[in-house]
Amino acid sequence: MTDHDDITPDAGPAPVPGPDGFGDAEAAFISEMGSLMERWGLPQATGRLFGYLLLRNKPVDLDTMTRELGQAKSGLSVAARQLESWTLVRRSTRPGSRRIDYEAVGDLQHLLLVNNAHMRKFTETLSSGIPVARGEARDRLASLADLFSGYVHQTEALVADWEARRAAS
């Protein structure tokens with residue numbers, strides 16, 4: 001077993017390590033996740049860490065992340081805390097150790113519901129502006145609040161339906 005066997009998804013052979021210790025496809029995925037989350041306003045390191053953790057089959061500590069991603073431990077610690085605050089990763093400790101391990105929370109329904117929590121707060125904020133707005137601004141706020149309220153409702157229904165189908169299979 002190599003140091004990178006636990007990075008590989010459960011199916012398929014281990015990739016041939018590239019210059020960063022990852023196969024080309026793994027490195028591309030990690031990089032793309034960094035770019036995507038950067039477009040969402042998060043540091044690229046946060047997205048790279050999330051991509052990396054999504055490819056892991058078990059929790060990993062900061063020293064391992066630092067070695068395998070080639071990034072500063074302090075930056076990865078900040079990134080891990082950001083991901084934890086978004087509830088995209090969870091932390092754990094090993095018995096007899098003070099080291100903190102992190103793992104991605106990979107349940108799709110969890111990710112959607114986390115997003116819904118943000119959308120619900122956005123909807124509430126939009127709605128709070130309706131009573132103080134006048135004319136077109138009031139109509140615009142009401143319309144946006146209605147749209148995002150519908151988005152939250154539909155996403156919750158989608159997750160409930162998906163969970164029911166998953167439980168039935």
**Request:** Mind pulling the angle between the C-alpha long axis of helix 108-129 and the longest principal axis of the chain? Nearest 10 degrees, somewhere in 0 to 90.
**Result:** 30
**Request:** List the chymotrypsin sites (Phe, Trp or Tyr not before Pro) within the range 47-118 that fall in a DSSP loop (any state other than H, G, I, E or B) and whose Cβ has at most 13 other Cβ atoms within 10 Å.
**Result:** none
**Asked** Hey, rough spin-label estimate for Ala167 and Ile130, points 7 angstrom out along Cα→Cβ, what's it come to in nanometres?
**Response** 3.2
**Asked** Once both labels are modelled 7 Å past Cα along the beta-carbon direction, what's the Ile100-Thr66 spacing in nm?
**Response** 1.4
**Message:** Checking the a/c ratio against 1.5 first, then a/b against b/c, what shape does the Cα gyration tensor give for the range 107-169?
**Reply:** prolate
**Asked** If the viscosity is 0.890 mPa s and the temperature 25 °C, what translational diffusion coefficient in µm²/s does Stokes-Einstein give for the chain when Rh comes from Kirkwood over Cα pairs?
**Response** 133
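Just so you know, all these numbers are worked out from the coordinates, no wet-lab data involved. Keep in mind that this is a model prediction, so the values were computed, not measured. In this analysis, Cβ positions are derived from the backbone assuming ideal geometry, glycine residues included, and neighbour counts consider all displayed protein chains.
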